[in-house]
Amino acid sequence: MRHGKKHNHLGRTDSHRKAMLANMASSLIEHKRITTTLAKAKALRVYVEPIITKAKNDTTHSRRTVFSYLQSKDAVTVLFREIAEKVANRPGGYTRIIKLENRLGDNAEMALIELVDYNTVYGKDTAAAPAKKATRRRGGAGKGKTAEAATAEVTPADEAVVAENPAEETPATETPAADEVSNKEDQAEKGE
């Protein structure tokens, strides 16, 4: 029975495991993401997140404590200068584990572990970028408006675009999308 046994020993002695996790944590801090096995990534997350939390408080004592875990002056410097200020407002959850394909040699489960604030794919910029697009419906322009009034209407955003590019002015009544729809309907009628 494994009552209360929380740590994955990763098939290593205590000193080997601590040295390996220290090296992996230093690599993660310096490179912002590393690829390793899933079991090591999960063990590294438990190891490195308290260290990052400790780095939020930039005192001599916290620097010495973090150095005792990492054993790398370069990693400690990067942690306290760059990473600590990026994660200052984050209340935990500094790392993300993404599962990858199994390794070819031994079919081991692989994973990518990365610092959350350094990923541009899942960042705040991309989350805010996609704006809601206007949808077009076939039945008409909408309630209370005729089709001509809807096509003749110009929005303030359209006016700003026209003001920026006066050479490319086009009448608001011409809509190539409406012409394409009518052409498709004509072709469908002829085909039937």
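None of the figures in this text is laboratory data; all of them are computed from the coordinates on show. Please read all numbers here as calculations on a predicted model, not as lab measurements. For neighbour counting, all protein chains shown are included, and Cβ atoms are generated from backbone atoms with ideal geometry for every residue, glycine included.
Applied to segment 75-82, the Karplus parametrisation 6.51 cos²θ - 1.76 cosθ + 1.60 on θ = phi - 60° returns per-residue 3J(HN,Hα) values of 5, 5, 5, 5, 4, 7, 8, 8 Hz, with x for Gly and Pro. For segment 87-104, the Karplus equation 6.51 cos²θ - 1.76 cosθ + 1.60, evaluated at θ = phi - 60°, returns couplings of 9, 4, 9, 8, x, x, x, 7, 10, 10, 10, 10, 6, 10, 5, 5, 5, 5 Hz by residue, with Gly and Pro reported as x. As a rough guide to protection, the peptides 107-120, 10-23 ranked by mean Cβ packing within 10 Å, highest first, stand as 107-120, 10-23.
What pairs in Lys5/Lys32; Lys6/Lys99; Lys6/Lys40; Lys56/Lys99; Lys42/Lys99 have C-alpha atoms more than 18 Å from each other?
Working: Lys5/Lys32 30 Å; Lys6/Lys99 22 Å; Lys6/Lys40 14 Å; Lys56/Lys99 28 Å; Lys42/Lys99 11 Å.
Cα-Cα > 18 Å for Lys5/Lys32; Lys6/Lys99; Lys56/Lys99; rest within.
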